[in-house]
Amino acid sequence: MNAITHPINPDRLVARQQEALQDAGWVRWSLIVIAVGFIGLFICVPLALVFIQAFSKGVEAYWSALSQADTVAAIKLTLLVALVTVPLNTVFGVAAAWAITRFEFKGKSLLTTLIDLPFSVSPVISGLIFVLLFGAEGWFGEWLIAHDIKIIFAVPGIILATLFITFPFVARQLIPLMQEMGSQEEEAALSLGAGGWKTFWAVTIPNIKWALLYGVLLCNARAMGEFGAVSVVSGHIRGLTNTLPLNVEVNYNEYNVVGAFSSASILALLAIVTLILKTILEKKSSR
Amino acid sequence: MSILLSDISKNFGAFAALNHINLEVPEGELVALLGPSGCGKTTLLRIIAGLEHADKGRVIINGEDKTDQNVSERGIGFVFQHYALFRHMTVFENVAFGLRVKPRRERPTDYILSQKVHALLELVQLDFLHDRFPDQLSGGQRQRIALARALAVEPSVLLLDEPFGALDASVRKDLRQWLRNLHHELNVTSIFVTHDQEEAMEVASQVVVLNHGHIEQLGSPSDIYDRPANAFVSRFIGQTNIFDLEEHDADWLQTAGILNPHQEAKVAHVRPHDIIIEKSTRGHTAPATLKDWQHLGALIRLELVKNSSNGSTAPVFAEMPNDQFKQLALNKGDKVDLKIRQAHWFH
């Protein structure tokens, strides 16, 4: 990206803005206190509570809760779902971003709008759509039963619902970036004799890699953490169709505090790691 | 290598960008495609490159029909207005790119590749920047690197899309001269697009004037300046005074020495330097009054107002060398006589 050279030192600009706000000191402080208090109360305290509760009966209880067969199965299933959906949505996201930013075609704006659909629809509805399509009473239900294919209340349903929920992440990160970059570097590569595939790997991918990783990261976080849509299609079969978020719920409903919060602590750790990586990637991609 | 375009047409929806373009560029020429924005010049260049495809017509480079060939197979060098350097690669890698993507059989060894790239960087006088990234270079440096990159694959033709369009005025002037010299040295058939007539006249050996998707005139810079084919070319190339016989008062045109009774044409275009000014002794019957003047360096531009109550009131501009103007010792408000050295007549 081109370096923008500021004729005015941005730090000094900030300092001057602060000067302009100086006389309303009490406003400044009360806003800061509100913001920090809000984050402390609604984010830091609950986060701390997750770990306090998870370790409330000691480290040993924590580990034994995590090594329970059902919890291990839930962790495995969550990893499997992420392992399938994230690569698929990465490919889809790059393809969609490429189509939208590089080609002119009818219905392009409709496609752009539809990509955002999973964000605007309640996850429960998303899950329900798949039940209506593939459930026993659904459109394809009879055919699926006749051919002995299980989608709803089975792993394929969970993967489908997660795919649906997470498909916008990669595309949404790439579209604005690729729009801003334009296609001249790719045209230059083609004019120098590079083929389409070579151009994609040597020119396009290096230019979008940080934004792509950022999209993949968000996609992964959501794929592992999705509750609503997965809850509708999973059927909550212990050891078979429970993902980690569902495992938290099941344990919690059974008053198994350590079980619920030990699973929750893994998701919380995932969130923290995601946040750290996200900050690093944001810095890299804005360079 | 020569370029032959036959009957090229291109539409964008209902808009006809190019209309039956026929053009031949002989080997070794440096041709400017000149025209106002939206005239189709960039589209034509991109069609020659294969970055865009014509709806109709053929592109023939060195006798070979390239119309259906992909841009990567045409063996052209393309230079973009905004450089389009690969931002994640060093200057060296940018220039080396075209060599690295060659099929394995034609790919040079690392040693030859490195020598070739450094030779090209020396050609554009920027070898000392070989390990920098594009965003560490100035605009002029970037454009020279882009040119070196395009030359690396030894293209049969070099196509430049507004190569100086994004640069400062002073850098642009230097680079124009530099491009001319470089072309002289390499002698590769080149076409560049510009909307700046001065640039086209200064750099090109042949100028193609385009307007509304067709060619208005093709010729050497002096041809186009001295013998414009039509009113559009005359207006577009350099400054001109326009006298329309239907708008101007005939008597005034006669006294100013513009009207030629034998003319069939209706509009006269007179270059400012083709108007000779003298201090008038005729008083109120003099054709014009000096309203103001501006220094253009070596030349003075005089703004004259017609001494006539009817007809067009547009000012007339004349230009003369600085010292000649001093000799005339004119003041604002002086009455002057005009003599027209030469006019171009159009219908």
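The values are calculated or read from the model by the stated rules, or taken from the named source; none is laboratory data. Keep in mind it's a predicted model, so treat the numbers as computed, not measured. Neighbour counts run over all protein chains shown; Cβ positions are idealised from the backbone, glycine included. We work out accessible area using only protein heavy atoms, side chains counted, and drop any ligands, DNA or RNA first. Shrake-Rupley method; radii C 1.70, N 1.55, O 1.52, S 1.80 Å.
Expressed as an acute angle from 0 to 90° and rounded to the nearest 10, what is the orientation of the C-alpha long axis of helix B:139-152 relative to the principal long axis of chain B?
Approximately 50 degrees, to the nearest ten.
Please calculate how many Å² of accessible area the protein assembly as shown carries per residue, with a 1.4 Å probe and no DNA, RNA or ligand atoms counted.
51
Report, as an integer, the average count of C-beta atoms from other chains found within 10 Å of each Cβ along B:94-103.
Neighbouring Cβ atoms belonging to other protein chains average 4 per residue here.
I need the calculated FRET efficiency for the pair residue A:45 and residue A:125, taking r as the beta carbon distance and R₀ as 22 Å, to the nearest 0.05.
0.10
How much accessible surface does residue B:345 have with a 1.4 Å probe, in Å² rounded to 10?
60
Counting only the heavy atoms of the protein chains, how much of residue B:291 is accessible to a 1.4 Å probe, in Å² to the nearest 10?
Rounded to the nearest 10, the figure is 120 Å².
Between B:232, B:12, B:80, where does the largest GNM mean-square fluctuation fall for chain B, given springs only between Cα atoms within less than 10 Å?
It is B:12.
Cut-off under 18 Å on the C-alpha distance; same-chain residues fewer than 8 positions from residue B:335 excluded. Which lysines are left, in chain and number order?
B:279, B:291, B:306, B:326
For chain A, what is the per residue volume of the convex hull drawn over the alpha-carbon atoms, in cubic angstrom?
201
By a straight-distance test (C-alpha under 14 Å), which aspartates and glutamates pair with residue B:173 as possible cross-link partners, with residues fewer than eight away in the same chain excluded?
Hits, sequence-local ones excluded: B:162, B:196, B:198, B:199, B:202.
Taking all protein chains together and a probe of 1.4 Å, list B:111, A:252 from the most accessible to the least accessible.
Descending accessible area places them as B:111, A:252.
Given a 1.4 Å probe, show me the residues in region A:183-207 buried by at least 50 Å² of accessible surface when comparing the whole protein assembly to the chain alone.
Listed in order, they are A:184, A:185, A:187, A:191, A:192.
Cut-off 10 angstrom, C-alpha nodes, Gaussian network model of chain A. Which of A:206, A:168, A:123 fluctuates the most?
Of A:206, A:168, A:123, the most mobile in the Gaussian network model is A:206.
If the cut-off is 22 Å between C-alpha atoms, which lysines fall inside it for residue A:150, apart from same-chain ones fewer than 8 positions away?
Within reach: A:76.
Counting only protein heavy atoms and a 1.4 Å probe, tell me what percentage of region A:148-247's accessible area is made up of carbon and sulfur.
The nonpolar share, carbon plus sulfur, comes to 65 percent.
Can you tell which of A:175, B:346, B:325 lies farthest toward the positive end of the dipole of the protein assembly as shown, using +1 and -1 charges on the Cβ of basic and acidic side chains (Lys, Arg; Asp, Glu)?
Positive-most Cα among the choices belongs to A:175.
Report the residues of region A:201-216 in range of a label on residue B:166: point 7 Å along Cα→C-beta, backbone N strictly under 18 Å from it.
A:203-204, A:207-208
Structure shown: which of A:198/B:56; B:10/B:66; B:41/B:266 lie over 27 Å apart, alpha-carbon to alpha-carbon?
Violating the 27 Å Cα-Cα cut-off are A:198/B:56; B:41/B:266.
In degrees from 0 to 90, rounded to the nearest 10, what is the angle of the helix B:91-100 Cα long axis to the longest principal axis of chain B?
The answer is roughly 60 degrees.
Per the helix-only calculation at 222 nm, which mean residue ellipticity applies to chain A, given -39500 (n - 2.57) for every DSSP H run of n ≥ 4 and division by its residues, nearest 500 deg cm²/dmol?
-23500 deg cm²/dmol
As a test question: what accessible area, to the nearest 10 Å², does residue B:278 have when a 1.4 Å probe is rolled over all protein chains in place?
Solvent-accessible area, nearest 10 Å²: 80 Å².
Give me the percent of DSSP beta bridges within chain B that run antiparallel, rounded to the nearest 5.
Counting DSSP beta bridges with both partners in chain B, the antiparallel share is about 70 percent.
Using the beta-carbon distance between residue B:322 and residue B:70 and R0 = 56 Å, what value does 1/(1 + (r/R0)^6) give for FRET efficiency, to the nearest 0.05?
That gives a FRET efficiency of 0.50.
Given a Förster distance of 51 Å, report the FRET efficiency between residue B:115 and residue B:285 from their Cβ-Cβ distance, rounded to the nearest 0.05.
Given R0 = 51 Å and the Cβ-Cβ separation, E is 0.10.
Most fluctuating residue of B:144, B:235, B:107 in a GNM of chain B with Cα springs under 10 Å: which is it?
In the Gaussian network model the winner is B:107.
So how far apart, in nm, are the two label points at residue B:222 and residue A:36 if each is 7 Å from Cα heading toward Cβ?
8.0
Starting from the Cα of residue B:127, step 7 Å along the direction of its Cβ; do the same at residue A:272; then give the gap between the two resulting points in nm.
Placing both labels 7 Å beyond Cα along the Cβ direction yields 5.6 nm.
Any chance you could give the angle, 0 to 90 degrees and rounded to 10, that helix B:110-123 forms with the longest Cα principal axis of chain B?
10
Sequence-distant or interchain residues sharing an amide H contact under 5 Å with residue B:207, placed H: which?
B:32, B:219, B:220
Where in chain A are the DSSP H helices whose C-alpha atoms run 15 Å or more along the long axis and whose mean Kyte hydropathy is at least -0.5?
A:25-39, A:69-102, A:123-134, A:155-166, A:168-181, A:205-225, A:257-285
Please give the total accessible area that chains B and A bury against each other, computed with a 1.4 Å probe and expressed in Å² to the nearest 100.
1900
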